[in-house]
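For reference, the structure is listed below as structure tokens.
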Amino acid sequence: MTWRALLLGGALTFIFTAANVYFGLRVGLTFSTALPAAVISMALLRGFKDNSLVENNITQTLASAAGAVATMIFILPGLVMVGWWSDFPYWTTVAVSFVGGTLGVMMSVPLRRALVVNSPLPYPEGIAGAEVLRVGGRSEEGAEENRFGLRTMLFGGALSVVMSTLIALKLAADEIGRTFRVGDGATGVSFTVSLGLLAIGHLIGLSAGIALLVGTFVSWGVLLPWRTAIDGGGGAIDTLVGAVFSSDVRFIGAGAIAVASLWTLLKLVKPIAEGLAGIVASNRARRSGVEVPLVERDLPGSVVLGTVVLSALPIVWLLWRFAEGGPVMDILPLALGASLAFIFVVGAVVAAVTGYMAGLVGTSNSPVSGVGILSIIIAAVMIALLFPGQHSAEDAQALVAYALFTTAFVFGIALISNDNLQDLKTGQLVGSTPWKQQLALVLGVAAGSLVIPPVLNLLSATMGFAGAPGAGPDALPAPQASLISSLAQGVLGGTLRWDLVGLGGAIIAGFIVIDELLGKRPAKDGAKPFRLPPLAVAMGMYLPISLIVPTATGAILGHRWDSRAEKSARPEFMKRSGVLLVTGMIVGDSLFGLGYAAAVAGLGSDPLAVVGEGFAPAAQILAPLVLIAIVWWGYAGTRAGAERVA
């Protein structure tokens with residue numbers, strides 16, 4: 001744990017957190033930062049003669065917290081959406097993110113032996129990160145691979161900046177699409193011109209990409225024509241399609257996400273229970289008096305327990321300040337006691353659940369949104385029991401906001417625990433000291449927490465969030481925050497369209513059956529059977545088609561890349577090169593988007609435009625042509641470079 005490892009890890013955390021905040025709000029997906037952090041660390045720190053494998057692992061561990069703490073955006077924008085916050089108070093947002101994330105680290109420390117050391121869980125990202133570190137540390141060949149990996153990420157980022165700049169100049173359109181009639185109803189198709197969305201698709205894989213397309217077909221090919229026909233065909237068709245999607249189809253998709261998330265969690269109940277049973281055996285072994293090797297030393301129990309107990313003080317203070325002026329103040333001691341019990345009890349459960357899920361299916365694929373759904377429902381029911389009866393609109397708004405804010409702490413616990421054990425798996429494989437990794441994760445949480453509020457405020461001021469007061473046509477969907485806030489309002493305010501939510505649940509139940517049947521098919525040539533992940537289908541139903549089409553296209557491109565990589569001399573290296581290319585695309589797209597948002601805030605709309613509205617038809621034609629050319633250049637150039645290095 002050197003100062004250079006901490007400083008580099010902190011810098012990477014700033015960058016990756018900002019990128020994840022932007023993409024999480026835009027498409028509801030974040031990307032794992034452990035692998036790119038490992039590559040950058042190996043490439044930059046290798047110049048020091050005394051650099052080591054475990055030093056790079058500390059950098060990677062600290063930076064990987066960016067992918068976790070950034071997903072606080074899955075709940076915090078809900079406070080703006082329900083109209084309680086007009087912006088994100090800096091120190092309040094930092095504090096809730098840091099306290100929740102630190103609790104996540106502490107609550108997952110006792111799980112390391114049971115779920116990492118004495119467990120057959122695969123931990124896919126953890127094993128991949130260890131392999132990157134090992135390869136880079138073996139020889140000059142490994143050094144060249146890491147230098148190539150860094151160049152590939154920079155190349156991907158540069159490509160995204162080129163595409164985004166053309167869009168900002170208005171020389172290329174940012175979206176291509178049209179609406180049209182279908183019988184008495186209407187629907188549409190559209191495509192957001194974004195390398196970042198294509199890159200996200202590459203990372204999620206073919207099954208998830210196809211599932212997203214299937215969900216989009218259900219919403220835009222079936223539900224939208226049906227609901228627009230019911231609501232009438234008056235007015236402009238664009239307005240009709242947008243209004244019905246927001247008021248009807250979106251809630252059907254919300255019901256689908258809720259049921260799909262809960263189903264995913266239910267499927268993991270048995271393996272979670274089996275994994276937690278190992279905790280008892282682990283504790284017995286530690287009491288036996290055997291000296292614990294350096295590579296098995298966690299943070300001391302006194303530090304873990306003391307941190308958890310002392311965290312009650314800032315939590316109580318934050319909840320009290322948040323509740324000032326609202327109905328919670330009428331029974332403040334009881335409300336604070338119930339909230340603390342909820343945070344610590346539910347938090348301890350979700351730490352184990354999300355930690356196990358990350359080991360089972362990977363951090364990126366872990367259905368943390370399902371944990372969030374269960375948590376907000378429990379919190380909303382708790383608040384409803386504390387404050388029974390009817391409430392004024394102002395009081396109902398305050399109670400919904402309090403439920404969201406309380407659940408934010410549990411979200412922080414869930415998200416960091418989801419990430420923590422993956423990093424500890426990497427550390428176990430390369431011989432790191434666990435307590436130093438755990439401390440690095442706390443520092444990563446702190447660094448990421450400092451970045452979240454200014455990025456959220458920038459995006460809120462320039463783009464807004466769909467469903468929030470004053471949101472414009474280009475508002476960010478923020479799908480998880482929208483869904484969770486809608487559920488809280490439904491329980492406490494009675495505003496949720498339960499008929500539409502139930503319809504979405506029934507539809508996704510059918511896809512759950514289909515997915516289970518697909519999973520029972522025998523594998524061919526050792527390959528896993530094709531599946532339709534219900535959660536991905538549900539996300540396809542919920543998100544706008546303009547986001548799904550490029551994401552699904554990227555999934556197909558990624559599958560094609562991996563298929564060709566299997567035929568190369570070094571398949572894993574070739575696959576990893578593709579991952580680094582698209583990671584660079586995501587970071588480049590995200591950082592340009594943030595910079596452009598800052599320019600809009602300072603200079604007004606379209607600050608870089610060099611052509612007028614009359615160029616729009618040509619921009620619609622140029623956009624897909626340029627996008628295809630840049631994608632081809634990116635993949636072809638990366639393949640050629642990887643073949644030279646291999």
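The values are calculated or read from the model by the stated rules, or taken from the named source; none is laboratory data. Computed from a prediction, not measured in an experiment: that's the story for all the values here. Don't worry about glycine lacking a Cβ; one is built from the backbone with ideal geometry, like all the others, and counts go over all protein chains shown.
Which one is surrounded by the most Cβ atoms within 10 Å (Cβ to Cβ) among residues in segment 593-615 that are more than 14 Å from Thr165 (Cα to Cα) and over 28 Å from the mean Cα position of the chain (by Cα)? So, considering only residues that are more than 14 Å from Thr165 (Cα to Cα) and over 28 Å from the mean Cα position of the chain (by Cα), the one surrounded by the most Cβ atoms within 10 Å (Cβ to Cβ) is Phe615.
Rundown of residues vs (1) at pLDDT 90 or above; (2) within 19 Å of the chain's Cα centre (by Cα); (3) surrounded by fewer than 24 Cβ atoms within 10 Å (Cβ to Cβ), yes/no style:
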| residue | (1), (2), (3) |
| --- | --- |
| Arg46 | no, no, yes |
| Lys49 | no, no, yes |
| Leu53 | no, no, yes |
| Asn57 | no, no, no |
| Leu62 | no, yes, no |
| Ala65 | no, yes, no |
| Ala68 | no, yes, no |
| Ile75 | no, yes, no |
| Trp91 | yes, no, yes |
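Listed conditions (1) at pLDDT 85 or above; (2) over 18 Å from Leu195 (Cα atoms) are all met by Ala569, apart from (1). Being of a type in the set (S, T, N, Q) and buried (at least 21 other Cβ atoms within 10 Å of the Cβ) is the filter; apply it to segment 458-493 and report the residue that is modelled with the lowest pLDDT. Per the criteria, the residue is Gln480.
Within segment 401-436, the set of residues being surrounded by fewer than 24 Cβ atoms within 10 Å (Cβ to Cβ) and touching a Pro at 6+ places or on another chain (Cβ under 9 Å) comprises Gln428, Trp435. Could you please let me know if Gly634 is of a type outside the set (Lys, Arg), closer than 30 Å to Phe14 by Cα and at pLDDT 85 or above? Yes; evaluated as a whole, the condition is true for this residue. Scanning segment 616-646 for residues that are touching a Leu at 6+ places or on another chain (Cβ under 9 Å) and within 14 Å of Glu175 (Cα to Cα), we see that the one that is surrounded by the fewest Cβ atoms within 10 Å (Cβ to Cβ) is Ala618. Look at segment 76-90: where a residue is closer than 12 Å to Ser486 by Cβ and a partner is among the β-branched types (Val, Ile, Thr) and crowded, with 24+ Cβ neighbours inside 10 Å, sitting 6+ places away or on another chain with Cβ atoms under 8 Å, you get Gly78/Ile484; Val82/Val400.
Within segment 473-488, is even one residue of a type outside the set (Ser, Thr, Tyr), part of a loop (DSSP other than H, G, I, E, B) and over 19 Å from the mean Cα position of the chain (by Cα)? Looking through segment 473-488, at least one residue is of a type outside the set (Ser, Thr, Tyr), part of a loop (DSSP other than H, G, I, E, B) and over 19 Å from the mean Cα position of the chain (by Cα).
Evaluate segment 170-178: report whether one residue or more is over 24 Å from the mean Cα position of the chain (by Cα), assigned to a strand (DSSP E or B) and surrounded by fewer than 18 Cβ atoms within 10 Å (Cβ to Cβ). There is at least one residue in segment 170-178 that is over 24 Å from the mean Cα position of the chain (by Cα), assigned to a strand (DSSP E or B) and surrounded by fewer than 18 Cβ atoms within 10 Å (Cβ to Cβ). Evaluate the following for Leu7: is it more than 24 Å from the chain's Cα centre (by Cα) and modelled with pLDDT of 80 or more? Answer is yes for this residue. Does Ile167 count as within 23 Å of Phe465 (Cβ to Cβ), buried (at least 16 other Cβ atoms within 10 Å of the Cβ), in contact with an Asp or Glu (Cβ under 9 Å, 6 or more places away or on another chain) and not small (Gly, Ala, Ser)? Yes; evaluated as a whole, the condition is true for this residue. Go through the residues of segment 194-203 one by one and say whether even a single one is of a type outside the set (D, E, K, R), surrounded by fewer than 24 Cβ atoms within 10 Å (Cβ to Cβ) and under 21 Å from the mean Cα position of the chain (by Cα). Yes, segment 194-203 contains a residue that is of a type outside the set (D, E, K, R), surrounded by fewer than 24 Cβ atoms within 10 Å (Cβ to Cβ) and under 21 Å from the mean Cα position of the chain (by Cα). Checked against the criterion of being under 17 Å from the mean Cα position of the chain (by Cα) and hydroxyl-bearing (Ser, Thr, Tyr), the candidates Ser590, Ser568 yield just one match: Ser590. Looking across segment 411-445, the residues that are among the small types (Gly, Ala, Ser), in a helix (DSSP H, G or I) and under 19 Å from Leu8 (Cα atoms) come down to Gly427, Ala440, Gly444. Sort out which residues of segment 494-516 are touching a Leu at 6+ places or on another chain (Cβ under 8 Å) and surrounded by fewer than 19 Cβ atoms within 10 Å (Cβ to Cβ), and write them in order of number. Once the filter is applied, which keeps residues that are touching a Leu at 6+ places or on another chain (Cβ under 8 Å) and surrounded by fewer than 19 Cβ atoms within 10 Å (Cβ to Cβ), segment 494-516 yields Leu496, Ile514.
Residues that are farther than 27 Å from Val579 by Cα and of a type outside the set (A, V, I, L, M, F, W, C) were ranked within segment 616-645; the one that is farthest from the chain's Cα centre (by Cα) is Pro617.
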